[in-house]
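Below: one structure, written as structure tokens.
The values are calculated or read from the model by the stated rules, or taken from the named source; none is laboratory data. What you see is a predicted model, and the numbers here were worked out from it, not measured in a lab. Virtual Cβ from ideal backbone geometry, glycine too; neighbours counted across all protein chains shown.
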Amino acid sequence: MKKFSQILLLTVLSLVTNLTFAQTADDVINKYFEATGGRAKWAALKDVKATGKLKVPSQGLELPMVMLQKSPNKQKMTMTFQGKEIVQPSFDGNEGWNTNFMTMKPEKMEAEDSEIMKQDTDFPDAFWNFKEKGFSITLEGEESIEGVACHKIKLTKKPVKVDGKEEENFSYYFFDKENSVPVMFRSVGKKGQMKGIAIESFLSDYQEVNGVFLPFTINQKMNGKVMASVVIEKIETNVNVDDKVFAFPQN
Amino acid sequence: MKKYILFFFSTLLFQNLSAQDALPLKGDEIFGSMRARHIGPALMSGRVVELEGHPTNAKILYAGAGGGGVWKTNDGGVTYNPIFEKHNQSIGAIAIDPKNPDQVIWVGTGEVWTRNSVTVGDGIYKSTDGGQNWTNMGLPNSERISSIKINPNNTNEVFVGVLGALWGNSADRGVYKTTNGGKTWEKIFYVNEFTGCSDVTMDPKNPSVLYASFWEFRRTAYSFNSGGVNSALYKSADGGKTWNKIHNGFPSGKLGRIAVAIAPSNPNILYSVIESEKDTDKGLYRSDDAGATWKRTNGDFELVVRPFYFSRIVVDPKDPNIICKASLNGSISKDGGKTFRSIGGGFHSDVHDFWFDINNSNQIFGCDDGGVYRTLDGGNVWEKAKCIPVSQFYQVAVDNQSPFKVYGGLQDNGSWVGPSSKPGGIENRDWVSVGQGDGFRVFPHPKNPSIVYSEMQGAEYIWRVNIEKNQAKTIKPFPEANDPKFRFNWNTPITTSVHNADRLYCGSQFLHKSDDMGETWVKISPDLTTNDPTKQQQENSGGLSADNSGAENHCTIFAVNESPLDEKIIWVGTDDGNVQVTFDGGKNWNNVTANIPNLPKNTWAYFIEPSNFDKNTAYAVFDGHTQNDFKPYVYKTTDGGKTWKSIVTADLKSYVRNIKEDFKNPNLLFLGTEGGLYVTIDGGQNWSQFKNNMPPVAVHWIAHQREEDALVLATHGRGVIIVDDISPLRQLTKETIGKDLQFFDRKPTVMRENSGFGGYAAMGEFVGENPTSLAQIVYFLKSRHTFGKMSVEVFDQKGTKVADLPASKSKGINILEWNYRLVPPKVAKGKTIVRGGFTGPTVPAGTYKVKITKASKVYETDLVLKADPKSIHTDEDRKVQNEVAMKLYNMNEELGYVVDQIDNLMPTLTDISTKLTTSKLKKQFPVEAMTKEMTALKETLVVLKGDNYVGTAEPQLREKISGLYGEVADYAGRPSNAQLANLKVLTDKLNAAKSKVDAWKNQLSALAPAMAKAQLPEVKSVRSFEEFKASDM
């Protein structure tokens, strides 16, 4: 159970924020937005609801899940398990919370983790208006990912505090040179045992949703081993998600 | 014209012949999602040679291994993770940028403790993101980087000490400087081609003041020399522009290796350890005037022992009089070097470096031939880091047990046997010691699993170990009356035979054979080496400090292998470059060395692999690095050694130590190189490096476990690494790689049964990864699948879908795993969660259909599951288990549906109750009683209070069914009688609950017309079982 919730947390932390995904130094990023529908279509995205399954094949787990994201930085991942909804995590723009597995009640994240989530949650995309958000990008050469020649982009967000100490907040995105979409992003664990460990999220099954191409499958790997997969069945956009659903439940 | 036509046809013919086989795929175009797993062990760890801490964060420390990369702890030494996985694994020096310590890290490659087995670096690397990514910043021919010093005021200014080549001359030695963060380098100080920079240190308060020691040294395969007139200590006071010798007080005559350290708290105080001609002036020297004058303070054993291997002094950052000296056992002085004590207990021998905690000098880290250690009491008692698997294997063997065991010998860490798989992972405690000293070749008796052969350096001992009875008999051959002294290599060849289980070979300069497990030996060859007396002067080896450890023994046999097809054919390779073969069991020997084209004379014949397919075919690899030749040499003969053809291509980047031919596909070869594992699928026309979870570590030996098709690698720096199941590589043909998607044939998956117990390693202990026990679906994709849906479904023989898997989509080979279980049942909704909701029942053995849908195309293959032949269960047991598990699986869901119906009915009934205002209506419609009964029933069906921990409530029917289901589903055999009896009890209860719900539903249907008449709310029919199952809630 502990293992499972760790995997879940991992998956979600690095993945939810990037449900919609990004691409090069300016050229690569521009091409990415063009290739996936154009900036106008992206600009029209106000919120997204993705419905699918979280799969942990090694443990035979397959949980229905709903992922909500709303501009500018709200998100919530809800899984259904034995008829109960488990939130892992929700973030209302300021505060994050999760369902405790023992009590099934919501519990707030450590304040520092909420601050990290604030930095790590972007809608509609990490690269959307990245300059305005104070992020920087650099093109760091090429790398082959799953046999695909890719541009390697380093995305540096504003620094975050980890255990009270300010640290650089960065990740790497690999954009298919041929068709401009990211096929993988690599983020780095920030705390505890996961600190410094690279987590790789492989993106595929890109499909068009109201004019924007989004990946419907995310396979997350550590050291080349699949830890979890998110397989999305349906993505709806601009469904007018109420802000309240992201907030810490009061009762 | 005729000529042209002939030419045209001949080229066409030639192209056809070669094109038939050549498969020009490279790297991850082939290997896709195949990956290696690491099993360590970290029990004994391996040689760690360099420690460097973060300047302001005491929790962060970097450890550089001799052959196993860079490891970082973020938690003060509890856990370590490797951070240099894609680059040269031999580390010389590490430095942290004092201005950007979280981001900028420098690593100089090439270990500087120049033992015989040391490897070679490839320059200096820099990371600007805390070690996630590294860029080679140059100095590609530096081979060994001894020091990196960063100007704290301007961190783009970096000084690098290059010790350089060990086996030859080099003009790349000296002190280098960059002023632009490593973009360009200037050699600012150089002595000569055979004298390298062994240490650079910088005054922390005045970075213009630098000290650099230079060392004249050279190794050959058969000798070592430390010292000469060029060894010296220099000082620069102008940032490296000018350098002056500072020998006032130093010994006269030739000097050897010189270590130098500066006291951070008082830069006028310097320490230097000096190797010199006379024993009376070797030892520790101290200067209190920044090097102007020196005084000898101590010449104890630990201060003078083996300078080439231990030449480091580390000074406490707070107290200039506390110093640690790396040495055989390590020693520490608290009085400025006058007296020393041993650093105490818990340390392995052969100490290489120390690091003082920046805040607390009683906490010191140390490293040695056995890993990284930490003391909390100022260097009396040390604890070992148990998670750094940088063990250096020289060889590896496997047996035929299931799971198979792994055998091998380690640099300075004995000989070992460990499991290739263990419930919960392979832990340090799972390894069994089968030899002392340095371990080398270890072989299991081919038929008796309790017998193991092992040895220690120079065949000082060869043991036959009975691991069951804990006995070890020494069995090495001795010279007979007229024999010369036997010369045994440091890494003496011993090997067993596939033709005679009790046979053992051992090589000195002669080949020795025993057919009785080492009790009696017969010499079956003359001296097979060049027997060059000039290469047999080991007692003179060492230079200023004699060093005759056996490590330089030469003119010895190194490689021995019997043909698997004919026991009379034996191939021998010698360290001085001979390849010899006998076709009559040793009566006659042919020296075929001269037949090998373009092979420099005396190139070490490192390994010979007789073919599995043809008696006259063999592969030979040669290692020229001890002659300063780093080129790869790989040859194949098909005529018993008369002619040889090189199968080296430009793909190979470093020298080669081992080759393994697949036993089913002669075009599939595996190569152990100094820079990692290479694979060819076309008989050597193209080679690809295998990089998936496989660092470019030196691979000294490759074993192939045939039952599992596992490739087992002895790495010299990262323990044992296994590539499970290489069979997909056999199936790569021109045809298969041309298809969009091609399934590969699989052996039936054996359905492993285990208790689920096991795995108890503490935080900070390494746990080796297990092979998968899941079924694998393996296919080749011509290109990565990025756009549109791709699904993988599994169906049983009735066509019922049993699994829906997230596809693997890499170009190349894809391996997708299935746990051959159904998804867990949909259990009743309650307050808490239950075990059964996590458990899917195992599907029965049999043939399943795998269907991949990619865009509009469908691809199908069979997947066969087979019961474990070693199982304690009969097929009949399994059948009962499956029936009961499925019955309980369905009961979970049926109960879920019972509760679902109650949950759906209750709101309406409650609503109706409030509208029954008269006693007549209440009597006519007994809804209130019904809701009470329903509530009461539901309370017996599911837990509606408490939590998932100690606030748990009394279990109800859901918990009981789910509990029994979990027990039955997780055991492969027949359920117990108690379980079957319990099943009956639970079935009756469930049926009773179902009947009650049905009765209520019937009663409500009967009342429906009257209720409608009374204008009561309509009781809508509940959703169907199928609707309930399909819903997420």
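The table that follows gives values for the structure above.
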| item | result |
| --- | --- |
| Boolean, residue B:712 is more than 16 Å from the chain's Cα centre (by Cα), of a type in the set (Val, Ile, Thr) and away from chain A (no Cβ under 14 Å) | no |
| Candidate set from region B:937-980 (those that are without any contact (Cβ under 8 Å) to a residue 40 or more places away in the chain and farther than 24 Å from residue A:103 by Cα); member that is nearest to the other protein chains (Cβ to nearest Cβ) | B:967 |
| Residues that are facing chain B (nearest Cβ under 8 Å) and either outside any strand (DSSP E or B) or β-branched (Val, Ile, Thr) (or both), drawn from region A:193-216 | A:193, A:195, A:196, A:197 |
| Every residue from region B:791-837 that is surrounded by fewer than 20 Cβ atoms within 10 Å (Cβ to Cβ), in contact with a Gly (Cβ under 9 Å, 6 or more places away or on another chain) and more than 9 Å from every other protein chain (Cβ to nearest Cβ) | B:796, B:797, B:835 |
| Any hit, region B:660-676, residues being at positive phi and in contact (Cβ under 8 Å) with a residue 24 or more places away in the chain | no |
| Positions within region B:412-427 being of a type outside the set (Gly, Ala, Ser), touching a strand residue (DSSP E or B) at 6+ places or on another chain (Cβ under 7 Å) and either crowded, with 24+ Cβ neighbours inside 10 Å or at pLDDT 95 or above (or both), in sequence order | B:416, B:417, B:419, B:426, B:427 |
| Residue count, region B:739-775 (criterion: within 14 Å of chain A (Cβ to nearest Cβ), at pLDDT below 95 and in contact with a helix residue (DSSP H, G or I) (Cβ under 9 Å, 6 or more places away or on another chain)) | 4 |
| Selection count where residues are within 14 Å of chain A (Cβ to nearest Cβ), among the hydrophobic types (A, V, I, L, M, F, W, C) and under 22 Å from the mean Cα position of the chain (by Cα), scope region B:71-124 | 4 |
| Matching helices (runs of 4 or more DSSP H) fully within region B:910-999 where at least 1 residues are touching a Lys or Arg at 6+ places or on another chain (Cβ under 7 Å) | B:927-941, B:957-969 |
| Region B:1000-1013, residues that are surrounded by 15 or more Cβ atoms within 10 Å (Cβ to Cβ) and of a type in the set (A, V, I, L, M) | B:1004, B:1007, B:1011 |
| Residue B:281 being surrounded by fewer than 20 Cβ atoms within 10 Å (Cβ to Cβ), out of contact with any strand residue (DSSP E or B) (no Cβ under 7 Å at 6 or more places or on another chain) and not assigned by TED's automatic domain parsing to the domain that holds residue B:191 | no |
| Verdict on residue A:48 being outside any helix (DSSP H, G or I), crowded, with 20+ Cβ neighbours inside 10 Å and in contact with a Ser or Thr (Cβ under 7 Å, 6 or more places away or on another chain) | yes |
| Residue in region B:770-790 that is within 30 Å of residue B:383 (Cα to Cα) and in contact (Cβ under 8 Å) with a residue 60 or more places away in the chain present | yes |
| Any strands (runs of 3 or more DSSP E) falling wholly within region B:295-344 and containing at least 2 residues that are without any contact (Cβ under 8 Å) to a residue 24 or more places away in the chain and either closer than 20 Å to residue B:543 by Cβ or of a type outside the set (D, E, K, R) (or both) | none |
| Members of region B:563-585 that are more than 32 Å from the chain's Cα centre (by Cα) and surrounded by fewer than 19 Cβ atoms within 10 Å (Cβ to Cβ) | B:565, B:566, B:567, B:568, B:583, B:584, B:585 |
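To keep it simple, each residue is scored yes or no on (1) more than 24 Å from residue B:844 (Cα to Cα); (2) exposed (fewer than 14 other Cβ atoms within 10 Å of the Cβ); (3) out of contact with any His (no Cβ under 6 Å at 6 or more places or on another chain); (4) of a type in the set (D, E, K, R).
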position	(1), (2), (3), (4)
B:946	yes, no, yes, no
B:961	no, no, yes, no
B:967	no, no, yes, yes
B:972	no, no, no, no
B:998	yes, yes, yes, yes
B:1020	yes, yes, yes, yes
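Per-residue answers, yes or no, for (1) among the basic types (Lys, Arg); (2) in contact with a strand residue (DSSP E or B) (Cβ under 6 Å, 6 or more places away or on another chain); (3) within 15 Å of residue B:659 (Cβ to Cβ):
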residue: B:552; (1), (2), (3): no, yes, no
residue: B:604; (1), (2), (3): no, yes, yes
residue: B:616; (1), (2), (3): no, no, no
residue: B:619; (1), (2), (3): no, yes, yes
residue: B:623; (1), (2), (3): no, yes, yes
residue: B:632; (1), (2), (3): no, yes, yes
